[in-house]
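Working notes, beginning with the structure itself.
Any read-out appearing in this document is the output of simple, stated calculations on the displayed coordinates, not a laboratory observation. Computed from a predicted structure; not experimentally measured. Backbone-built Cβ (ideal geometry, glycine too); neighbour counts: all protein chains shown.
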Amino acid sequence: MSMNSCDHSEIRAKAIAEGIKEVASELRMIDVADFVSFIHSEKFNNIRDLINSSTELYFKHGTLSYGCAADYELEWDRPPSIILDLDFRYHEVSVSFNLLLCAYHAAVDIRSISFEERTVSPEEGTSLLVAALADARLSAPAR
């Protein structure tokens, strides 16, 4: 893997993290015990509802959704964390990624990304992703 593709992977993950930071903040307001319980008992529709209600204020309907998988890390020696499988789909951009929620921060790990145009350069792909994230957001309410 070239250094250039590594740079674009990191830039893309940061773009997604920045684009969904309000959603991550909303999700972190949910009691971690609820997430652990829903994941442990495989109540994936409950998780989907939580994610949908957290995204509806920030993104156009259907652009950011639950990908039907979740996990948690629960150890004696550190705070719990939640891993949510999410999908972003808007126009020609499709991204599947994991959102890691910790007590005071969140992180994004991209699993796959694709573009309708199969032969986009890394630079073009990154630009398409950034533009799609911006366009998929709901307009801020007038104050």
Taking 0.36 nm per residue of separation between Ala69 and His105 and subtracting their Cα-Cα distance, the length gained on full extension comes to 10.9 nm
Calc'd 3J(HN,Hα), the range 68-85, phi into Karplus 6.51 cos²θ - 1.76 cosθ + 1.60 (θ = phi - 60°), Hz, glycine/Pro = x, comes to 6, 9, 7, 8, 9, 10, 9, 10, 5, 9, 7, x, x, 9, 10, 10, 10, 8
Around Pro80 (Cβ within 13 Å, Cβ-to-Cβ, excluding Pro80; K/R +1, D/E -1) the net charge comes to -4
Given a Förster distance of 25 Å, the FRET efficiency implied by the Cβ-Cβ spacing of Glu123 and Lys21, rounded to the nearest 0.05, works out to 0.55
At q = 0.09, 0.19 Å⁻¹, the log10 of I(q)/I(0) for the range 24-143 from a Debye sum over equal Cα scatterers comes to -0.28, -1.05
Taking R0 as 41 Å and r as the Cβ-Cβ distance between Glu116 and Met29, the FRET efficiency 1/(1 + (r/R0)^6), rounded to the nearest 0.05, comes to 0.70
Any helix of the chain counts here only if DSSP assigns it H throughout, its Cα atoms span 15 Å or more along the axis, and its mean Kyte-Doolittle hydropathy is at least 0.5, and such helices are 122-136
Row for the range 47-92, column shape: gyration tensor on C-alpha, a ≥ b ≥ c, rounded if a/c < 1.5 i.e. under 1.5, prolate if a/b over b/c, else oblate; value prolate
CD proxy, 222 nm, the chain: helix-only mean residue ellipticity via -39,500 (n - 2.57) per DSSP H run with n ≥ 4, per residue, nearest 500, stands at -13500 deg cm²/dmol
